[in-house]
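S.K.: I'd like to ask some things about the structure below.
The values are calculated or read from the model by the stated rules, or taken from the named source; none is laboratory data. Worth saying up front: this structure is predicted, and the values here are computed from it rather than measured. Note that each Cβ is placed from the backbone with ideal geometry, even for glycine, and that neighbours are counted across all protein chains shown.
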Amino acid sequence: MAREAVYQQSDPETSAAEEVPHEPDTSLRPRRMDEMVGQRDVMERLKIAIDAAQSRGEPLGHILFDGPPGLGKTTFATVIPAEMGTVVQMANGAGLKAPKDLLPYLTNLSEGSVLFIDEIHRVPRAVEEYLYTAMEDFRIDIVLGEGVSARTLNYELRPFTLIGATTRAGMLSAPLRDRFQIREHLGWYADSELCEIVRRNSIKLKLPVDDESAAVIAARSRRTPRLANNRLLWVRDYAQSKANGQVSGKIATAALDMIGIDKMGLDKQDRGYLETLMRVFGGGPAGLEAIAHTMNVSSDTLEDEVEPFLLRSELIVRSRRGRMMTALGYQHMKQLPPGKL
Ligand SMILES: Nc1ncnc2c1ncn2[C@@H]1O[C@H](COP(=O)(O)OP(=O)(O)OP(=O)(O)O)[C@@H](O)[C@H]1O
Ligand SMILES: [Mg+2]
């Protein structure tokens, strides 16, 4: 498939902060559970739940996935219905502004089918309340009209499974969170798992990639499958244009260096964050909003996409007073901490 055509199909709601376009989710995204790599514990628990639901002939319990972007929440939400042999409707929390926006999805449900709500933390409270009875009793009560002429209509729904995904589990209200029988946190991937993803996808892309190149790409993918795919696609372009389509460790390194992805996998935006915190705020503590304003990006982008990995890698810490560089952060940026000059 032509590169352009592939990119047009990529997920429109995910941010395009990367230097390279988003990966063609539709072609590299696993379609079945056994095509997925890693997240073994999560997978095992889900398989048990699916097995049990199928043998009882009941719909699967509602499932909530949380974790940083690109770790497989949407992928799980698409492979689970495939395993169950059922259909899935995809909605986004940001699009469900009023209760009426929820209705077409709920009334379209077939028995045992799945409704996936991405970014479920963005569902407003007024809509969320309709989800409570839908999830618990497979019923919705709609109020029509206003004041004395208002009447309530009760709709019976077909038993279904709600799958919610969020990067911000903390923003979910307790009543909503508690209505999910299964809650799974998706964590970062091991380098060996990313290597395996790169290896499998290079086969799909018909691009021979040796172990060394796969290791370079994996090590620079911030423990995130989406980034591993993006990096792999860029390495493919680079190799096709500069090395007759032959990928080696050296070629992969040169390709990723060229788009500003360093040895740890940090991209320009990640380093821009560290740079800002170091130079403008003297290493911190600095507030998220202040850093976001200075960098001219949204604080949501920083909080969802940039900070989790920097925190995990201990390049920054978060305290009540704000974000601060760590000694490791300074070391990575090849700078001395203030006071050591
Ligand atoms: N376990 C996995 N095995 C193989 N590939 C994976 C796995 N998880 C994710 N991927 C790949 O990474 C891509 C991004 O994953 P996905 O869209 O599921 O992330 P997400 O958690 O929904 O991210 P976001 O929070 O941005 O919506 C997928 O299209 C798929 O190609
Ligand atoms: Mg997603």
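S.K.: Between a first residue in segment 65-80 that is among the aromatic types (Phe, Trp, Tyr) and a second residue that is part of a helix (DSSP H, G or I) and more than 9 Å from ligand 2 (Cβ to nearest atom), which pairs have beta carbons less than 7 Å apart while being 6 or more apart in sequence or on different chains?
M.R.: Partner pairs satisfying both residue conditions: Phe65/Phe76.
S.K.: Does Asp34 satisfy the criteria of being away from ligand 2 (no atom under 16 Å from the Cβ), more than 20 Å from Arg177 (Cβ to Cβ) and outside the structural domain of Leu157 (by TED's automatic domain parsing)? Walk me through how you get there before you give the answer.
M.R.: Values: away from ligand 2 (no atom under 16 Å from the Cβ): yes; more than 20 Å from Arg177 (Cβ to Cβ): yes; outside the structural domain of Leu157 (by TED's automatic domain parsing): yes.
Yes, satisfied.
S.K.: I'd like to check which helices (runs of 4 or more DSSP H) are fully inside segment 134-219 and have at least 2 residues that are of a type in the set (Asp, Glu).
M.R.: Numbers: elements: 174-178, 191-204, 211-219.
Result: 191-204, 211-219.
S.K.: Now a separate question. Can you report the number of residues in segment 300-341 which are aromatic (Phe, Trp, Tyr) and within 21 Å of Glu119 (Cβ to Cβ)? Don't jump to the end; show me each part of the working.
M.R.: Applying the first criterion (aromatic (Phe, Trp, Tyr)) to segment 300-341 yields 309, 330.
Okay, now just the ones that are also within 21 Å of Glu119 (Cβ to Cβ), so 309.
Total satisfying the criteria: 1.
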